[in-house]
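One structure below.
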Amino acid sequence: MRRITLLTNPDVCNLRCPLCFLNQRKRAFGMGEMKIETARRAIDRYAGMGPLSPDGLREVIPSTMGEPLLYTYFGELLDYCRARHLPLNLTTNGTFPGFWGTDAGMARLLDACSDIKVSCMAFDEESFGKMMPGITFDRWRENVLRLLHLWRQGKGTVSLQVTLSKMLASKAVEILSWAESVGIKRIKWNLPVFLSMDSTLRKAYGLDLSAVRELREILVSKKVRCEGSLFFDGGEKCRFLGEEVWVLPDGTEETCPNPERRFGDRNSAGAKCEGCLLLHPFA
Ligand code: SF4
């Protein structure tokens, strides 16, 4: 097992982004926070072979839903992984709450994480209020710049994770230019994933295939590695089975990350492998 994702605090966030699965489904995940003992047990189970073994655990990913830096035991989790030479792979909404927003906190994150991806769903003040309500564009940008400044003096990498909704597509080139100018080395350009329960969201925020093709052509850079689901072709083989495991707050394990199965309607077509939301984003 290469990576495990711990859903540490799926219901705890300081933003209210409309494309978040919890907003899409309009109700909480409902399992509360993961106990630190549950997190430790999961890590121990897969870290057994050690990070240097060819089959050993390489990374731990804290919560992919909810803001991981608001997890009550985030510091303990970080120390536990560090003691086992296991890097965290962190995706954060860019608010860097509390201690994690100080220089000391950011330096500690950079020291413990193989990569810190900062989410980006808007790129001007007005659309931040709609797409990432709870943080201003200025504040978000300042946090990224401070993180980059500290990163130059430390280790780890800093990336952007951009959700390419209809609102943001016209800003994509500007984001890429900005990333080049401030020294970001990688951007994950992801297409939004829509659960089946609210078809209005796809209409409001989804890109059509021609827009996707155009973005694939123009989002090319010699300075910034451009990756993400924007570049995936539909119908690929599942990339997840056997490589990764997802641990829910109560310790239950899943081997499939399809959000329709986890957060949406398990009986819908998008929850099945043939119609998997992750492999067929336009289905
Ligand atoms: S639903 Fe998608 S992610 Fe899950 S096992 Fe099937 S193909 Fe893989």
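The values are calculated or read from the model by the stated rules, or taken from the named source; none is laboratory data. Keep in mind that this is a model prediction, so the values were computed, not measured. Cβ: placed from backbone, ideal geometry, glycine included. Neighbour counts: every protein chain shown.
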(request) Hey, could you check the range 80-94 for residues that are part of a loop (DSSP other than H, G, I, E, B) and not charged (D, E, K, R) and say which is surrounded by the fewest Cβ atoms within 10 Å (Cβ to Cβ)? (result) His85
(request) Scan the range 212-256 for residues that are in contact with a Ser or Thr (Cβ under 8 Å, 6 or more places away or on another chain) and either assigned to a helix (DSSP H, G or I) or on the phi < 0 side of the Ramachandran plot (or both) and jot them down. (result) Phe240, Leu241, Glu244, Val245, Trp246, Val247, Pro249, Asp250
(request) Those residues that are in contact with a Leu (Cβ under 9 Å, 6 or more places away or on another chain), modelled with pLDDT under 95 and surrounded by fewer than 17 Cβ atoms within 10 Å (Cβ to Cβ), I need them from the range 170-210; list them, please. (result) Gly183
(message) Could you list, ordered by first residue, the pairs with Cβ atoms under 6 Å in which the first is in the range 246-274 and over 14 Å from Thr64 (Cβ atoms) and free of Cβ contacts under 8 Å to residues at least 40 places away in the same chain and the second is more than 8 Å from the ligand (Cβ to nearest atom) and β-branched (Val, Ile, Thr), at least 6 apart or interchain?
(response) Thr255/Val245
(request) Answer with yes or no whether Glu33 is out of contact with any Phe, Trp or Tyr (no Cβ under 8 Å at 6 or more places or on another chain), farther than 17 Å from Asp115 by Cβ, modelled with pLDDT of 95 or more and surrounded by fewer than 21 Cβ atoms within 10 Å (Cβ to Cβ). (result) no
(request) Among the residues of the range 66-121, write down those that are touching a residue at least 40 places away in the same chain (Cβ under 8 Å) and on the phi > 0 side of the Ramachandran plot. (result) Gly66, Gly94, Phe96
(request) Starting from residues that are under 30 Å from Trp178 (Cβ atoms) and of a type in the set (Lys, Arg), keep the ones in the range 218-268 and report whichever is nearest to the ligand (Cβ to nearest atom). (result) Arg239
(message) It is to be established whether one or more residues within the range 60-79 are outside any loop (DSSP other than H, G, I, E, B), at pLDDT below 95 and more than 14 Å from the chain's Cα centre (by Cα).
(response) no
(message) All but one of (1) hydrophobic (A, V, I, L, M, F, W, C); (2) surrounded by 16 or more Cβ atoms within 10 Å (Cβ to Cβ); (3) within 13 Å of the ligand (Cβ to nearest atom); (4) within 19 Å of the chain's Cα centre (by Cα) hold for Ala271; state the number of the condition that does not hold.
(response) (4)
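Across the range 1-30, what is the number of residues that are part of a helix (DSSP H, G or I) and touching a Phe, Trp or Tyr at 6+ places or on another chain (Cβ under 6 Å)? Spell out how you get there, then give the answer.
Going residue by residue through the range 1-30, those that are part of a helix (DSSP H, G or I) are 21-25.
Applying the additional criterion that residues be touching a Phe, Trp or Tyr at 6+ places or on another chain (Cβ under 6 Å) yields 21, 25.
Total satisfying the criteria: 2.
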